[in-house]
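Report on the following structure.
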Amino acid sequence: MPDVDFSKYLHGASEKYRDCMAACAECLVACEMCSDACLGEEEVRSLAHCIRLDRSCAEACDAALRAMARGSWQAPQFCRLCAELCELCAAECEKHTHHDHCRVCAEACRRCAEECRKMAA
């Protein structure tokens, strides 16, 4: 995935969000990719919880990303919720790492949770 250059968008104090925004963007894409790939698996029923968590995690990443992009004073709260959902999603995807898409998603979720925890602190 090409890196997004947030430097042209972030100025001053909002630059502190750069790494977290990048992690949220990557995780959002990984979760969307994973949920779609899960729907194509033969045992899709056994992946229902994974799909739901992928979708919730992607939505949390989107909300946190938007809050940081606008420099919202609520960004830490959005990041806190995002970190929690990323941890849940990663734990579920790690149960299915025989699917490459779940392994990739779990890794992205772990990175995003770590960056979001930093922002929430």
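Bear in mind that the values in this text are calculations on the coordinates, not laboratory data. A quick note: this is a predicted structure, and the numbers were derived from the prediction, not measured. FYI the Cβ positions are ideal-geometry reconstructions off the backbone, even for glycines, and counts take in every protein chain you see.
In percent, how large is the relative contact order of the chain, given Cα pairs closer than 8 Å and 6 or more residues apart?
Computed value for the chain: 30 percent relative contact order.
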> Under a point-charge model restricted to the Cβ atoms of Lys and Arg (+1) and Asp and Glu (-1), what is the dipole moment magnitude of the chain relative to its Cα centre, in debye to the nearest 20?
Replying inline: 580
>> To test your reading of the geometry: what angle, between 0 and 90 degrees and rounded to tens, separates the Cα axis of helix 75-93 from the longest principal axis of the chain?
In response: 20
> To the nearest 10 degrees, how steep is helix 48-69 against the longest Cα principal axis of the chain, on a 0 to 90 scale?
Replying inline: 10
>> Applying a 10 Å radius around every beta-carbon, put 97-108, 35-46, 54-65, 70-81 in order of their mean neighbour count, most first.
In response: 54-65, 97-108, 70-81, 35-46
